1. How much area per residue is accessible in segment 1-40 when the probe is 1.4 Å and only protein heavy atoms are counted (Å²)?
2. Can you give me the distance in nm between label points at residue 26 and residue 40, each placed 7 Å from the Cα along the Cα-to-Cβ direction?
3. What is the local net charge at residue 2, summed over the other residues whose Cβ is closer than 15 Å to its Cβ (Lys, Arg +1; Asp, Glu -1)?
4. Just add up the charged neighbours of residue 41: K/R +1, D/E -1, any other residue whose Cβ is under 11 Å from the Cβ of residue 41.
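The values are calculated or read from the model by the stated rules, or taken from the named source; none is laboratory data. Note that the structure is predicted; figures quoted are calculated from it, not measured. Cβ placement follows ideal geometry from the backbone for every residue including glycine, while neighbour counts extend to all protein chains displayed. With ligands, DNA and RNA removed, areas are computed over all heavy atoms of the protein, side chains included. Shrake-Rupley method; radii C 1.70, N 1.55, O 1.52, S 1.80 Å.
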Amino acid sequence: MNEQLDFLKAQITLLEKRINACSGEADSKEYASLMRLYLAAVKEYNSLCAKEEQPQDSDPPLAFANMGD
């Protein structure tokens, strides 16, 4: 999973540079396209980070059943 996170982080950094470079230009189609890619990459990155932070053996029904113990 760390490889995916590293890849996404690199892609996000690259997209940020490209977005900053074209933000002053009049081509709003390219900017919009880059922003769509950027937002999708950030969403996936945040999702993977959240999954990584969760305990691997987390079983919600079992956790609920053990709440009374």
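1. Details: 3110 Å² over 40 residues.
Result: 78 Å² of accessible area for each residue.
2. 2.9
3. Details: positive: 9, 51; negative: 3, 6, 44, 52, 53.
The answer is -3.
4. Values: positive: 9, 36, 43; negative: 16, 44.
Result for the local shell: +1.
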